[in-house]
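FYI, it's all coordinate maths here, none of it is from the lab. It should be emphasised that the depicted structure is a prediction, and the values quoted were computed from it without experimental measurement. With ideal geometry, Cβ positions are generated from the backbone for all residues, glycine too; neighbour counts draw on all protein chains shown.
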Amino acid sequence: MTSPLATRQSAALTIDSAELRVVHLPLINPFTTSTGTMREKVLPVLVLKSGELEGIAEGVMDPLPDYLDDTISATTHFLREAILPHVVGKSFANPGELERVLAPWRGHWMAKATVEMAFWDLWAKSLGLPLKTLLGGSGDKVAVGVSLGIDEIEATVEAAKRHHAEGYKRIKLKIQPGHDIALVSAVRAALPGARLSVDANTAYTLADTKVMRALDAFDLEYIEQPLAYDDLHDHAVLQQRIVTPICLDESIRSAADARKALANDATRVINIKVGRVGGHAEAMRIHDIAAAWAVPVWCGGMLEAGIGRAHNIHLSTLPNFRKPGDTSSASRYFRKDIIMESLETEDGMMAVPQGPGIGVRLDREFLESVTGERETF
Ligand code: OSB
Ligand code: MG
């Protein structure tokens, strides 16, 4: 006789169909980083269907290669031409089996992540378990901070004070050359005890070492991605020249990247974005390898709508997510979200959505109204 558990584990999920949409959501406020200004959030939403069940994910890539080299049009092309023909009509017993199908293709981490994450949601729902449990996480809420886009110094000081008063556990300031020391100095003066960090989104080079050294005076928790997205070596050099820990974001696409960065002391904190690194399985490997080096990780964000936000929150329940993440209240960005539930923080804590899978449901009616292109497979 087989045990019920053995039966359940061996029941493969057949992907009957997939639905891919490109959704446009207006942002309440424009969001500026050193690479540009975003006024509208454009996101692919992928639904994988198996019988009555649906697994859902959103892609974190931008319309143009502003953050990394992934784009929405390259993603929809790759999904249509390569990935989905190998997924729809096929059966997978677990996310590992799906990952083996995706593995041979180079790059396209964000496209792969979209499919992988949707499958994790589907698999978790088929097992009747919350995603966090299958990932190895626990707890009902996670600590979060905010990321403040580039703006006038005074406006940023006010926003930092307001979010600090609301209980956000860390304030991250976007910086770029010419908009750094004076900004950080003003925010530090206004909030002497707050946990502060900065994020340069690759805007500096080693020629800016003096500026990076000057930032050591402000007790920052870390400097996020100061140098080029593809340059671990220069980050290692910079870390030798400054006291503030470097935190890599763009530079870490895989556990192999994390291993090399950690072994070379190019990063002392890692920002994990599940949508950047190919999915939950790779995010867990990065989480684990950082833990082996006694290096904390935290969960970054890409201004996700509710589906991506829910995935991030579940991942953030793993034990080495020891610093506040960027998954702040969705209402900071959107007047209305594409899910039924509202993902809002209370005193700097975000509740983990309850129920099987990611624990949130699409608001189908609203989703229709904000959908541009759509395809079914
Ligand atoms: O570098 O972390 C980043 C937003 C878009 C692109 C890159 C980044 C960010 C953020 C915002 O910092 C995080 C969030 O609130 O989702
Ligand atoms: Mg970043």
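The listed peptides 42-48, 157-163, ordered by packing as a protection proxy, come out as 42-48, 157-163 (highest mean of other Cβ atoms within 10 Å first). Between Arg106 and Ala165, the FRET efficiency from the beta-carbon distance, with R0 = 35 Å, is close to 0.15.
Using just its DSSP H runs of length 4 or more, each adding -39500 (n - 2.57), the chain gives a mean residue ellipticity at 222 nm of -9500 deg cm²/dmol after division by all residues. Label-to-label distance, Lys336 versus Arg322, with points set 7 angstrom from Cα along the beta-carbon direction: 4.4 nm.
3J(HN,Hα) along the stretch 169-179: 8, 7, 10, 10, 10, 7, 10, 7, x, x, 9 Hz, from the Karplus curve 6.51 cos²θ - 1.76 cosθ + 1.60 with θ = phi - 60°, whole Hz, x for Gly and Pro. Computed from Cα positions, the angle between helix 181-190 and the longest principal axis of the chain comes to roughly 90 degrees. Does a label point 7 Å from the Cα of Met349, set along Cα-to-beta-carbon, have any residues of the stretch 128-148 with amide nitrogen under 12 Å, and which are they? Counting backbone N atoms under 12 Å from the label point, the list is 139-144. Semi-axes of the equivalent ellipsoid for the chain, computed as √(5λ) from the eigenvalues of its C-alpha gyration tensor and ordered from largest down, come to 34, 22, 20 Å.
Taking amide H as placed 1.01 Å from N in the peptide plane, the amide H of Val198 sits under 5 Å from that of Leu173, Tyr222, Glu224, each at least 5 places away or on another chain. Between the stretch 277-326 and the stretch 77-140, the C-alpha centres lie 16 angstrom from each other.
Of all aspartates and glutamates in the structure, the ones whose alpha carbon falls short of 12 Å from that of Lys49, not counting any fewer than 8 places away in one chain, are Asp16, Glu19, Asp121. Full extension of the chain between Glu373 and Ala207 yields a length gain of 55.3 nm, computed as 0.36 nm times the residue separation minus the alpha carbon distance. For a straight C-alpha distance cut-off of 22 angstrom, the lysines reachable from Lys172 (same-chain residues fewer than eight places away being disregarded) are Lys41, Lys141, Lys161, Lys210, Lys273, Lys323.
By the count of neighbouring beta-carbon atoms within 10 Å, fewest first, Tyr168, Tyr229 end up ordered Tyr229, Tyr168. Spin-label model, Glu97 to Ile28: label points 7 Å out along the Cα-to-beta-carbon direction sit 4.3 nm apart.
With the Cα gyration tensor of the stretch 134-351 giving a ≥ b ≥ c as the square roots of its eigenvalues, does the rule (a/c under 1.5 for rounded; else a/b larger than b/c for prolate; else oblate) give rounded, prolate or oblate? Oblate, because a/c is 1.5 or more while a/b does not exceed b/c. In a Debye calculation with equal point scatterers on the alpha-carbon sites of the stretch 94-223 and no solvent, what is log10 I(q)/I(0) at q = 0.09, 0.19, 0.21 Å⁻¹? Those come out to -0.45, -0.95, -1.06, one per q.
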